[in-house]
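Peer 1: Just passing along the structure, written as structure tokens.
The values are calculated or read from the model by the stated rules, or taken from the named source; none is laboratory data. Keep in mind the model is a prediction, meaning the values are calculated, not measured. No Cβ is skipped: glycine too gets one built from the backbone with ideal geometry, and neighbour counts run over all protein chains shown. The accessibility values were calculated without ligands, DNA or RNA, using every heavy atom of the protein model including side chains. Shrake-Rupley method; radii C 1.70, N 1.55, O 1.52, S 1.80 Å.
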Amino acid sequence: MAVKNLPEGWLTGPEARTLRRLAAGKVVLEMGAFKGRSTVTLAETAAHVISVDRHQGVPGHDPDSLPDYLENVRALANVTIVIGDFSIVEQFDSHSISMVYIDGNHDYDSVSRDVELAAAVTNPEIVAFH
């Protein structure tokens, strides 16, 4: 199901509605953004989104998602854009983060690493995955 007015990506309509509901009023750490589809969705209801991605593309898709991401996201006042590996979250003051959205690489090792990293630096009310 296509979602109107959102950047290119794999987030479905039902998933977008769920993310909006979960993020309402929260400070969200987004780990993985591609072209900003989930970033835009989260920003619609979140108090603030800290969006982290290395923007080196997704295997089998665009080799560089950064130009499209910036075009789609940079005007959103409640989004902090962080270009880098997820390990950069270790430097954040994470006390205010109340939700983590993990959408990096989808293989077992990557997801396990991302969960461990998020758990080490945050104590969120909600952890959501794509």
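Peer 1: Could you run through segment 97-117 and say how many residues are in contact with a Lys or Arg (Cβ under 8 Å, 6 or more places away or on another chain) and either part of a strand (DSSP E or B) or under 25 Å from Glu8 (Cα atoms) (or both)?
Peer 2: Qualifying residue count, segment 97-117: 1.
Peer 1: Of everything in segment 1-43, what is open to solvent by 30 Å² or more (accessible area, probe 1.4 Å), closer than 15 Å to Phe129 by Cβ and either touching an Asp or Glu at 6+ places or on another chain (Cβ under 6 Å) or assigned to a helix (DSSP H, G or I) (or both)? Give them in sequence order.
Peer 2: Pro14, Glu15, Thr18, Leu22
Peer 1: Has segment 97-110 got at least one residue that is out of contact with any Cys (no Cβ under 8 Å at 6 or more places or on another chain), open to solvent by 70 Å² or more (accessible area, probe 1.4 Å), farther than 22 Å from Leu6 by Cα and in contact (Cβ under 8 Å) with a residue 40 or more places away in the chain?
Peer 2: no
Peer 1: Of everything in segment 70-96, what is in a helix (DSSP H, G or I) and touching a residue at least 40 places away in the same chain (Cβ under 8 Å)? Give them in sequence order.
Peer 2: Asn72, Val73, Phe86, Val89, Ser94, Ser96
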